[in-house]
Amino acid sequence: MAAGPHDQHELSDPDSDVRHMHDSKVQNPVLRWIDQRMPVISMIQLEYGSFPTPRNFNYFWNFGALAMVTLVIMIATGVVLSMQYAANTHLAFDSVERIMRDVNYGWLLRYAHANGASMFFIVVYIHMWRSLYYGSYKSPRELLWMLGVVLFILMMATAFMGYVLPWGQMSFWGATVITNLFSALPVVGEHIVTWLWGGFSVDNPTLNRFFSLHFLLPFVIVGVTFLHVVALHITGSNNPLGIEPKTKKDTIPFHPYYTIKDSFGIVVYLVVFAILVFFMPNYLGHPDNYIPANPLVTPAHIVPEWYFLPFYAILRAVPNKLGGVVLMGGALLILFVLPWLDSSPVRSMRFRPIAKWLFLVWTVNFGVLMWVGGKPAEQPYILIAQICTAYYFAYFLVILPFLAKFERPLPLPESIARAVLTRKGGGPLPAGATAKPMEKA
Amino acid sequence: MADVLANPPKTSPSEPGSRHADAVGAHPHGGHEEGPVRRDFLKLAAGSFTAVGVGVMAWPFIHSMNPSQDVLALASTDVELGPIAEGQAVTVMWRGKPVFVRRRTAQEIQEARAVPLGELRDPATDQSRVKPGKDQWLIVLGVCTHLGCVPLGQKPTDARGDYGGWFCPCHGSHYDTAGRIRRGPAPLNLAIPDYSFTSDTRIRVG
Amino acid sequence: MRRPLLMLVPTLKAAALAAVLAPVLALAPAALGSGARAAEGHDVIHIPDTRFSFDGIFGTFDRASAQRGFQVYKEVCSACHSMRQLSYRHLTGIGLNPAQIAALASQFQVQDGPNDNGEMFERPARPSDHFRRPFANDAAARAANNGALPPDLSVMVKAREGGADYLHALLVGYEEPPPGITVMEGMHYNKYFPGHQIAMAPPLNTEGQVTYADGTKATVDQMATDVATFLAWAAEPELEQRRAMGVRMIIFLTILGGLAYAVKRKVWADLH
């Protein structure tokens, strides 16, 4: 990881007595022996121990850690569930019911996995909202942001294929509708859909490949998450002020300050998770998915899972098939170029008086899209979806590129430390409050 | 951030933040003398709670891999004994394993009972391996006690080993006409499943 | 004196966080709920709320009611509706003991085989057998029911908007069609069924249709409540264990959260 450059430095030192070994400072002899040959312990200490982190994070900065925890929960529950699940159209529904009834704690594992998907999206949506509000996607963190968008798309693909596995009515018809999106492509569309299905409709080959990919993609997510963290540790974290740390006073070591803050956040998060799993496990689901898949009968009203609704609304806002698909894809892909669309050098919306409100409107707009996505495709919902879709794109394509020409940002604080310490007192600072951090630093 | 990158923090890896922070906590000017003690207690309590929580939550994952309720409730198997002639044997499935049902000849019973117990690796009388009054019927699990292969000897054309019972082709264990181990690497006699006679010509295994 | 002031900071932060979380959490289900309601067409049917023993966070299944409900299922519903996910052994969940279950199971003939001659045969059911199905397959079920397929009832409570309340309402909701509405041949008017025309004839129609062993008066409403209780248990047999575990889990996490917060404040004390 980021330990690389430091190692290089140490290795090229001519005074180093063991040229090919890492100069480990680890005390325990066994751990040191390992660390000299493979400096993972030094790396962890550097990246998660002393790693200099802005001192002014608010609780929005907990959500990366929460996403990590959720990924671990999803993989752990997913692996044991896959030991009981049968990816066959004749067996899938019953095998899930067997998990719920006969497998020891099967209900717990399945409900944790199903609701974990929703929790994952809640966490990731807030994590992304944080980046948008505080300008974390801007230089030099463009690649970090883009890797995040890759993770988001991988998550959507994984969640979609996972939802197909129980082989209920929503599984089957969701799979049918979403795979049919590809048929909108000119010339090759039909061939691609047939290829995706492995047949002429969503059927056993489709279920089998979705199961395989649903198992594979989470490990791709793990890999990209690793890259996401590598990129993060090169640029360092953004912070609510959006200004870079200048001196050591502006940062604190990641451990113990943020390890304990993340730990506290994780416990609070698990309470919300537990309420969902133990007391309302089917609240976010759809009753139709407890009806076994029937290729002859489409449910009266197909809705995707709640986390797809905003994009589903964009799809339906366009009366043209190809147009809808292109716009829905565009709503996601536009995020990749976002760092170059926003022309303001100021990161945090705290210092952008106009952009802040336009962004909050965008947030509400996203919520409205989520709401119309669950409504039937009729007026006035179509009109609302069209207006919201227009604003969704206008924010990225018009507001962010041109607003900076007119907007006068508020004065940025001199440094993080100064801003934090001034804010804390709200007046003359108590002596103790300023003295101690100074000493520390 | 450029500054931070240009001047990598001089905090050495051997000086993790925790020690750093403890030192500050113990600072006499901290204004609360019991600080470190209280924090240590809190940390200990929070740490042990976390450990217990993680331990307890591991159980559902582990237990989910134990036999499930439907597997535990698996049906018992009924065997009709009528069609089995003297000297013949049938194999039935029970819990995914073969069960050998053999109708022994008088001579085979005689042979099994003639063996002194002292000669046996896993001493058991022939009487203890059949139901009282049903000496002809030997019912054993068809799983070699060495490493789990299925021994030969059920079909008339099979090799029955040197003791006229069963012979395991994997590693050469010989069983006698009471299913007891006589030679080879297997340590124990062929196991006897739970079964009962539901009528004179019918047994229920399990 | 700065302590009280500082203590406000995390509260404010939490409030800000909640302000952001709330719309996300609130909107999603609202969107879903409205979607599901729209499924019933524009005429929104209000499902009356029935008091069930398993309502609320601490509710449990009334075993006597569930057993009566099983009797209703066995004597009335099972003529047409299968419950393929359940086995007789599962009935320990509504308070039957293994001997009762074995005796009960043996009343039913289930298909087994093939035997040594390659023929399927019937034998009395064992506790490990699945509930006997009324029809060999869906086509046979349709043929016997005027083309309509009586759905499987194993997870019916989870498969319908409104759950047990809806099932109870449906069972007591048969009435004469209002003037101006013509019911199609072979259909029946039900005020709670989406579209109001249901192929199922009123299954619970006379008081005393079943004779309860415990002397409970078998009114139509009582039978409907009992069978809805039984089906709620059948759909979510883990409900009681789940809720009990959830309560313990949340108590545990609250204590751990308090400890973690105290440690966090202690650790951060030297910075603030």
### Summary
Of the listed residues (B:H29, B:H20), the one being over 30 Å from C:P114 (Cβ atoms), at pLDDT below 90 and in contact with a strand residue (DSSP E or B) (Cβ under 7 Å, 6 or more places away or on another chain) is B:H20
#### Entry: Hits in segment C:257-267 - residues which are crowded, with 19+ Cβ neighbours inside 10 Å and more than 9 Å from chain B (Cβ to nearest Cβ)
C:G257, C:Y261, C:K264
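So that you can scan it fast, the table gives a plain yes or no per residue for (1) surrounded by fewer than 21 Cβ atoms within 10 Å (Cβ to Cβ); (2) more than 10 Å from chain B (Cβ to nearest Cβ); (3) out of contact with any strand residue (DSSP E or B) (no Cβ under 6 Å at 6 or more places or on another chain); (4) within 18 Å of A:G168 (Cα to Cα):
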{"site": "A:N62", "(1), (2), (3), (4)": "no, yes, yes, no"}
{"site": "A:L66", "(1), (2), (3), (4)": "no, yes, yes, no"}
{"site": "A:V72", "(1), (2), (3), (4)": "yes, yes, yes, no"}
{"site": "A:T77", "(1), (2), (3), (4)": "no, no, yes, no"}
{"site": "A:M83", "(1), (2), (3), (4)": "yes, no, yes, no"}
{"site": "A:A86", "(1), (2), (3), (4)": "yes, yes, yes, yes"}
{"site": "A:H90", "(1), (2), (3), (4)": "yes, yes, yes, yes"}
{"site": "A:L109", "(1), (2), (3), (4)": "no, no, yes, no"}
{"site": "A:A114", "(1), (2), (3), (4)": "no, yes, yes, yes"}
### The listed residue being in contact with a His (Cβ under 9 Å, 6 or more places away or on another chain) and at pLDDT 95 or above, out of A:G135, A:G168
A:G168
## Note on the structure
Expected single match for buried (at least 20 other Cβ atoms within 10 Å of the Cβ) and under 20 Å from C:A66 (Cα atoms) among C:L231, C:L239 is C:L231
### Query
If you go through segment A:291-306, how many residues are over 15 Å from A:K375 (Cβ atoms) and more than 9 Å from every other protein chain (Cβ to nearest Cβ)?
6
### Task
Considering only segment B:123-206, give the strands (runs of 3 or more DSSP E) lying wholly within it that have at least 3 residues that are farther than 18 Å from B:V92 by Cβ, in contact (Cβ under 8 Å) with a residue 60 or more places away in the chain and over 26 Å from the mean Cα position of the chain (by Cα).
none
### Task
Return only the number of the condition from (1) away from chain C (no Cβ under 14 Å); (2) over 26 Å from A:G323 (Cα atoms); (3) of a type in the set (F, W, Y) that A:W197 does not satisfy.
(2)
#### Entry: Residue list for segment C:246-256, restricted to those being surrounded by 18 or more Cβ atoms within 10 Å (Cβ to Cβ) and either of a type in the set (A, V, I, L, M, F, W, C) or more than 7 Å from chain A (Cβ to nearest Cβ) (or both)
C:M249, C:F252, C:L253, C:L256
### Query
In segment A:260-272, what residues are facing chain C (nearest Cβ under 9 Å) and farther than 26 Å from C:V247 by Cβ?
A:I260, A:K261
### Query
Any idea which residue in segment C:118-134 is nearest to the other protein chains (Cβ to nearest Cβ), counting only those that are farther than 16 Å from C:F70 by Cβ and not in a loop (DSSP other than H, G, I, E, B)?
C:R123
### Query
Going through segment C:149-191 one residue at a time, which ones are touching a strand residue (DSSP E or B) at 6+ places or on another chain (Cβ under 9 Å), in a loop (DSSP other than H, G, I, E, B) and more than 14 Å from chain A (Cβ to nearest Cβ)?
C:G173, C:E175, C:E176, C:P177, C:P178, C:I181, C:V183, C:M184, C:M187, C:K191
### Query
Which of the residues belonging to segment C:148-163 are more than 22 Å from A:D94 (Cβ to Cβ) and in contact with a Ser or Thr (Cβ under 7 Å, 6 or more places away or on another chain)?
none
## Note on the structure
Considering segment C:192-204, residues that are surrounded by fewer than 19 Cβ atoms within 10 Å (Cβ to Cβ) and touching a residue at least 24 places away in the same chain (Cβ under 8 Å), and then whichever is nearest to the other protein chains (Cβ to nearest Cβ), we arrive at C:P194
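Residue by residue, here is whether (1) surrounded by fewer than 16 Cβ atoms within 10 Å (Cβ to Cβ); (2) hydroxyl-bearing (S, T, Y) holds:
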{"position": "C:A66", "(1), (2)": "no, no"}
{"position": "C:G69", "(1), (2)": "no, no"}
{"position": "C:Q85", "(1), (2)": "no, no"}
{"position": "C:S106", "(1), (2)": "yes, yes"}
{"position": "C:P114", "(1), (2)": "yes, no"}
### Query
So which of C:N97, C:N137, C:N146, C:N115 is more than 14 Å from every other protein chain (Cβ to nearest Cβ) and free of Cβ contacts under 8 Å to residues at least 12 places away in the same chain?
C:N97
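The values are calculated or read from the model by the stated rules, or taken from the named source; none is laboratory data. What you see is a predicted model; the values in this text were computed from it and never measured. No Cβ is skipped: glycine too gets one built from the backbone with ideal geometry, and neighbour counts run over all protein chains shown.
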